[in-house]
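*Asks:* I am attaching a structure below and will ask some questions about it afterwards.
The values are calculated or read from the model by the stated rules, or taken from the named source; none is laboratory data. Because the structure is predicted, anything quoted here is derived from the model rather than measured. Glycine also receives a Cβ, built like all others from the backbone with ideal geometry; neighbour counts cover every protein chain displayed.
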Amino acid sequence: MTIDEKIFEEPEGEGYTVYEVISDKRRADLEKFSKRIGIKFPRLELLNCALTHKSYAKEFEPRLKFNERLEFLGDAVLGLAASTYLFNHFKTFTEGDLTKIRSSVVRQSTLTRLAQEIDLGEMLLFGASEFAEGRNRPSNLEDAMEALIGAIYLQHGWEVARDYVFRQFAQEFNHAKITGVPKDYKSKLQEIIQRQPPKQLTYSELGSSGPDHMRVFSAAALIDDKIFGTGEGRSKKAAEQEAARAALKKLGAIDD
């Protein structure tokens, strides 16, 4: 057993978790998916875990491994990979600017789009509570994309996971080179509303979901108490920025 295998080995005993026994059809689907993304998975159980929502485990087997832990790991790997790229290619930018650019690159809308491009939603296993709408829910697609990156890291190590992030986010990195530091959508929306008195802009928290260490917040941007945009983010401020961006898009003030 290698050092890496020892690190990720999970002891059995009271409260231990188990991998699902993969059917022949599911195994074939997983192998097709791995070919589609260009990453081999000798341990298909690991890939299957990354594509298993907690609702599936709760309904069929409480001890079943699902993707929240891999999501936690993948979020860190994604952040490090994005930071590495920006550090090496955006040499004249300050720490604060790099932080803003990284947030714009790895935001939920990007992860959701990338997940849709590889039909990730079609591979997810859900329980009945999530099955109807779960495949298209942005938060589920974002989480699964991060879990997939975590699984790639465990299966192949840092360099393969890093290069996968570089390939998948190439469009976003190139866009950031052109646009530079992302705009403050809340300030831009506020400026527009201030030019149209007596209109008033407010933000409302719609709720939150996920475990404490990976909380996702939802917010709405309201103009005269009417919702013009909604958004999600890892903080209330980030959710409000996404809501402001959606409102600006609806108003025709931005195209992205």
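*Asks:* So is Ile178 over 20 Å from the mean Cα position of the chain (by Cα), in a helix (DSSP H, G or I) and surrounded by 14 or more Cβ atoms within 10 Å (Cβ to Cβ) or not?
*Replies:* On the way: over 20 Å from the mean Cα position of the chain (by Cα): yes; in a helix (DSSP H, G or I): yes; surrounded by 14 or more Cβ atoms within 10 Å (Cβ to Cβ): no.
Taking the combined requirement at face value, the residue does not satisfy it.
*Asks:* Of the conditions (1) of a type outside the set (Gly, Ala, Ser); (2) at pLDDT below 95; (3) out of contact with any Asp or Glu (no Cβ under 6 Å at 6 or more places or on another chain), Asn48 clears all except one; give me its number.
*Replies:* (2)
*Asks:* May I pose another question? Has region 139-151 got any residue that is assigned to a helix (DSSP H, G or I), outside the structural domain of Gly229 (by TED's automatic domain parsing), closer than 20 Å to Glu240 by Cβ and out of contact with any Leu (no Cβ under 8 Å at 6 or more places or on another chain)?
*Replies:* yes
*Asks:* All but one of (1) in contact with a strand residue (DSSP E or B) (Cβ under 9 Å, 6 or more places away or on another chain); (2) modelled with pLDDT under 90 hold for Gln190; state the number of the condition that does not hold.
*Replies:* Result: Gln190 fails condition (2) only.
*Asks:* Counting just the residues of region 156-171 that are buried (at least 19 other Cβ atoms within 10 Å of the Cβ) and touching a residue at least 60 places away in the same chain (Cβ under 8 Å), which one comes out nearest to Leu80 (Cα to Cα)?
*Replies:* Arg162
*Asks:* Okay, next question. Scan region 80-95 residue by residue and report those that are more than 23 Å from Phe217 (Cα to Cα) and of a type outside the set (Phe, Trp, Tyr).
*Replies:* If the condition is that a residue be more than 23 Å from Phe217 (Cα to Cα) and of a type outside the set (Phe, Trp, Tyr), then Ala81, Ser83, Thr84, Leu86, Asn88, His89, Lys91, Thr92, Thr94, Glu95 are the ones that fit.
*Asks:* On to the next question. Could you pull out the residue among Phe126, Phe87 that is in contact (Cβ under 8 Å) with a residue 60 or more places away in the chain, among the aromatic types (Phe, Trp, Tyr) and either over 25 Å from Lys54 (Cβ atoms) or crowded, with 20+ Cβ neighbours inside 10 Å (or both)?
*Replies:* After ruling out the rest, the residue left standing is Phe126.
*Asks:* Could I ask something else about it? Does Thr110 fit the bill of being within 25 Å of Ser235 (Cβ to Cβ) and either surrounded by fewer than 16 Cβ atoms within 10 Å (Cβ to Cβ) or not assigned by TED's automatic domain parsing to the domain that holds Thr52 (or both)?
*Replies:* No; evaluated as a whole, the condition is false for this residue.
*Asks:* Please list, ordered by residue number, the helices (runs of 4 or more DSSP H) wholly in region 86-136 having 1 or more residues that are over 17 Å from the mean Cα position of the chain (by Cα), more than 26 Å from Val181 (Cβ to Cβ) and polar (S, T, N, Q).
*Replies:* On the way: elements: 95-105, 108-117, 128-131.
Where helices (runs of 4 or more DSSP H) fall fully within region 86-136 and carry at least 1 residues being over 17 Å from the mean Cα position of the chain (by Cα), more than 26 Å from Val181 (Cβ to Cβ) and polar (S, T, N, Q), they are 128-131.
*Asks:* OK, next. Here is a list: Lys25, Lys65, Lys40. Which entry is surrounded by 11 or more Cβ atoms within 10 Å (Cβ to Cβ) and at pLDDT 95 or above?
*Replies:* Result: Lys40 is the single residue among Lys25, Lys65, Lys40 that is surrounded by 11 or more Cβ atoms within 10 Å (Cβ to Cβ) and at pLDDT 95 or above.
*Asks:* Which is outside any loop (DSSP other than H, G, I, E, B) and more than 23 Å from Glu71 (Cα to Cα), of Ala219, Ala253, Ala246, Ala238?
*Replies:* Ala246
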